[in-house]
Amino acid sequence: MLESIVSFITKPFVWLGGFFGRLGAILKAILAAVLVVLIGLYGYFFWTTQVWNDFDPDYAKAFANVTKTAGDIPEPDGGIVSGDAPDAGTKSDAASSKSCRRSQIVDATANLVDFNVNENAWISSMLLYKLGFFGVPWEATPFFDNKAAFQRGIHQAVQRTSVELVDSLGRVRGTSQVDKNLQKARGDLQFNESTWYFSLSPFGPKTPTPSFYRSAVRDLHKFNHRLEKCDAVFDARADNLLEFLDRIARDIGATSAVLRERSENYNSGWFDTRADDRFWFAYGQLYAYYGILTAARADFEDVVRERRLEAVWDELEQQLRASLNISPFIISNGAEAGWLMPSHLATLGFYILRVRSNLIEIRTVLDR
């Protein structure tokens, strides 16, 4: 019996060895080269999907130390038009140097994109990720897709933030002028997530996805550089903050609904191969919004102080940070009361609802 099993397992390899031995020297060299390339590609793919460079759940603390309202709105005569807060966008003592405050939201957004495509490889557009597991999408398997889902969750938050920067935060309310750098960054960040160097439809070479995202990072930094020279606008008004938080609440609310649907309708425990995708996408979204919302507190420091939002904002940041402590080795989607196979989706969904509740509470105060 044992000999039959061993024979069955080794038979394909014996056949391949015989086939390879009958080939000519040139074909052997070509096949050996292809094999070396494939081994190298798969080795790189396995490494990049398992190693998360510069992942730090406490990264948002860098923005928490900044407590000055971002930006200003220079008037034609060189004065300052403040937002709702009287100190918004105050210049430095040396007025002639025209030094204004950079936006922490823009910095946080740029850093998150840099984390996705420079500190780490962008998994979703890699050739072997697109090819899947013998044609089966990696999302349908329990392997090598967690980091890709995490990156896409971050990117979802980044895309949402870039839209708000263009539509309201990066220009004066009531004007039609759109900042050129923010607009270009938004366009680049909306680019397809899975484009490789070559495509069959339409046929021909392509600019890969990470190149567009890296371009967005450069434009975000250009905006902040211009903002520091008072050549750009960051409108730190209470109504802009209200709209920004409202969009984020809707964004994570949609993610909460996805988690709930999967948790309620599938109870396969450790064997739900789709649960990890949902979990890590939501985790990436919370990871990104932790930094973005901490940065928003710094950018709207005067509004937060005047509306006495410190306590509820502290609670918001604490809930976001606490959600990042949930990082199990294997994602389980079992019954909520299960002790062997718990429901990690339901647990993360609980934190998302807590964060959303804090956002709605802040929004209610701002809307008074």
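The values are calculated or read from the model by the stated rules, or taken from the named source; none is laboratory data. Bear in mind the structure is a predicted one, so any value in this text is a computation, not a measurement. Cβ placement follows ideal geometry from the backbone for every residue including glycine, while neighbour counts extend to all protein chains displayed. Heavy atoms of the whole protein, side chains included, go into the accessibility calculation; ligands, DNA and RNA do not. Shrake-Rupley method; radii C 1.70, N 1.55, O 1.52, S 1.80 Å.
Values computed for the structure shown
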item: Meets criteria (within 12 Å of E164 (Cβ to Cβ) and crowded, with 19+ Cβ neighbours inside 10 Å) for L259; result: no
item: Every pair of residues 6+ apart whose Cβ atoms lie under 8 Å, when the first sits in the range 295-307 and is in contact (Cβ under 8 Å) with a residue 24 or more places away in the chain and within 12 Å of F244 (Cβ to Cβ) while the second is basic (K, R) and not in a helix (DSSP H, G or I); result: V303/R237
item: Which listed residue is among the hydrophobic types (A, V, I, L, M, F, W, C) and out of contact with any Leu (no Cβ under 6 Å at 6 or more places or on another chain), from I331, I326; result: I331
item: Residue that is at pLDDT 95 or above, polar (S, T, N, Q), open to solvent by 50 Å² or more (accessible area, probe 1.4 Å) and in contact with a Phe, Trp or Tyr (Cβ under 8 Å, 6 or more places away or on another chain), where the choices are Q190, Q156; result: Q156
item: Hits in the range 96-106 - residues which are surrounded by fewer than 20 Cβ atoms within 10 Å (Cβ to Cβ) and not in a helix (DSSP H, G or I); result: K98, S99
item: Tally, over the range 303-337, of residues that are surrounded by 14 or more Cβ atoms within 10 Å (Cβ to Cβ) and among the aromatic types (F, W, Y); result: 1
item: Which listed residue is within 19 Å of L348 (Cβ to Cβ) and more than 22 Å from the chain's Cα centre (by Cα), from E306, E264, E301; result: E264
item: Test set (1) open to solvent by less than 60 Å² (accessible area, probe 1.4 Å); (2) modelled with pLDDT under 95; (3) hydroxyl-bearing (S, T, Y) - T109 fails condition number; result: (2)
item: Residue that is nearest to R237 (Cα to Cα) [pool: residues in the range 127-178 that are of a type in the set (A, V, I, L, M, F, W, C), in contact (Cβ under 8 Å) with a residue 60 or more places away in the chain and part of a loop (DSSP other than H, G, I, E, B)]; result: V172
item: Unmet requirement for Q159, which otherwise passes all of (1) touching a Leu at 6+ places or on another chain (Cβ under 7 Å); (2) farther than 14 Å from T109 by Cα; result: (2)
item: In the range 129-156, residue farthest from Q104 (Cα to Cα) [restricted to those that are among the β-branched types (V, I, T) and more than 18 Å from the chain's Cα centre (by Cα)]; result: V136
item: Residue check, D246 touching a helix residue (DSSP H, G or I) at 6+ places or on another chain (Cβ under 9 Å), open to solvent by less than 40 Å² (accessible area, probe 1.4 Å) and of a type in the set (D, E); result: yes
item: Number of the exception - Y287 against (1) more than 21 Å from the chain's Cα centre (by Cα); (2) modelled with pLDDT of 90 or more; result: (1)
